[in-house]
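Just below is one structure, and these are the notes that go with it.
The values are calculated or read from the model by the stated rules, or taken from the named source; none is laboratory data. Given the structure is predicted, the values throughout are model-derived calculations rather than measurements. So basically every Cβ, Gly included, is an ideal-geometry build from the backbone, and we count neighbours across all protein chains shown.
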Amino acid sequence: MEADIRKILQCLASQLVDQETASVLVPPQAHAEGYWFGGGNVVVDAEGTYWLCGRYRNQGDSRTGVGAGERGLELAIFRAESPLGPWQKALSFTKEDLVCNAQAVVSIEGASLLLREGSVELFVSTEKKQAYPDAIQTFQKEGTGCWDIDMIPAESIDQLKGSNIRQVVHCADPAALHVKDPVVFNIPGSSGATGLIFCTHPYTWASSNTGLALREADATEFSLRTMQLLGRGAAWDVAATRITDRMPIPALGRLSDMPEMSLYFYDGAECLRSLDENPAAVSRPRGYSCEEIGGLACGVDSKFPELTRISTEEPLFVSPYGTGCSRYVSTLVTEEGILATWQQSQPDLSQPLVGNFVEMDRIVEILG
């Protein structure tokens, strides 16, 4: 990629995920460490109503068993008449509401709404009360389960019901035993095919990777395409590369004569466990204990799923507050501008969903 194009894309992404100007869209249930809201996306329907999905996560630590706290306890959907709200809760799904295949839900994580012609699909990842395969069962902590991804179809968002839930992605391979955090979108250049990007963890929880499943236009099921859509990086993101969003880039300015491209926001981490810094070294975000800070990749749509990493040496998105955590970026491109939302650490160590809306006039300036 040409250096000037790379610089333009970095500038665009940094303007969208502006850590200083973002406003809180949905607060967590408490202003304290371990309380979050996020991990979803925003869509706008034909009537101009904006819909936002995400999960409430309360204090709890999977490393000591889920009995230590509530953790991911609710999937919520909000509605608003403008991109930045105010947002009003319209639907709520508890762990009991999301039971699939008669398997109890232990925790709720990322979700994604997909509007289709005349219908809607809600994808959600849940940890279910499942045993690890026999060969690795001794690695399973008491009270934990396995993660997979389910889907709820409906004619409209307000008609979504947990009773219609069905499984769409499951993996028994120990190297990718846990699949979660769906990102669903229409495949560029196709006539109705659907892409499902998801995060995977091995049974050891030592890393985080990004996989891809595809559903053809005339199909009802997803088929696995790859477990390595974007490989882990070489430095700050060597332990985790989890894509959280695909954003089609408006074909404006310097990009008007180029093939159509998309940005891919991802969460990275140097390690999935806390690391002690050398007191003589420069203090900087290292990833702490989970996917914490944000990076960027891009791809030419006609060559999908071929992607190019942009954040090679360092992250682009770090919260100036709390732990530095900045993750689960999601975007919505409209005629008026682009909305970016993400989960951002605060001085009190909570992580609300924050957002930033950049008007199209400013987008034109950046791309020009």
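Observations, loosely collected:
The rows are residues; the columns are (1) crowded, with 17+ Cβ neighbours inside 10 Å; (2) of a type in the set (S, T, Y); (3) touching an Asp or Glu at 6+ places or on another chain (Cβ under 6 Å).
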position: H201; (1), (2), (3): yes, no, no
position: F222; (1), (2), (3): yes, no, no
position: T241; (1), (2), (3): yes, yes, no
position: L252; (1), (2), (3): no, no, no
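- C146 satisfies every condition listed in (1) surrounded by fewer than 20 Cβ atoms within 10 Å (Cβ to Cβ); (2) touching a Lys or Arg at 6+ places or on another chain (Cβ under 8 Å) except (1).
- Residue in the range 299-310 that is buried (at least 18 other Cβ atoms within 10 Å of the Cβ), closer than 26 Å to D18 by Cβ and modelled with pLDDT under 90 present: no
- Number of residues in the range 13-35 that are modelled with pLDDT of 95 or more and either in contact with a Pro (Cβ under 8 Å, 6 or more places away or on another chain) or of a type in the set (F, W, Y) (or both) equals 7.
- Looking across the range 310-337 at every residue that is of a type in the set (V, I, T) and under 17 Å from the mean Cα position of the chain (by Cα), the one that is nearest to F265 (Cα to Cα) is identified as V329.
- Only one entry in A80, A46, A22, A3 is surrounded by 17 or more Cβ atoms within 10 Å (Cβ to Cβ) and farther than 25 Å from S125 by Cα, namely A22.
- Among residues of the range 67-95, those that are without any contact (Cβ under 8 Å) to a residue 24 or more places away in the chain and farther than 14 Å from W51 by Cα, counted: 3
- Residues considered: V120, V124. Of these, the only one that is touching a Leu at 6+ places or on another chain (Cβ under 6 Å), crowded, with 17+ Cβ neighbours inside 10 Å and either on the phi > 0 side of the Ramachandran plot or at pLDDT 95 or above (or both) is V124.
- Residue count, the range 121-159 (criterion: among the aliphatic types (A, V, I, L, M) and not in a strand (DSSP E or B)): 4
- Residue ranges of strands (runs of 3 or more DSSP E) in the range 262-368 with at least 1 members out of contact with any helix residue (DSSP H, G or I) (no Cβ under 9 Å at 6 or more places or on another chain) and of a type in the set (D, E): 353-359
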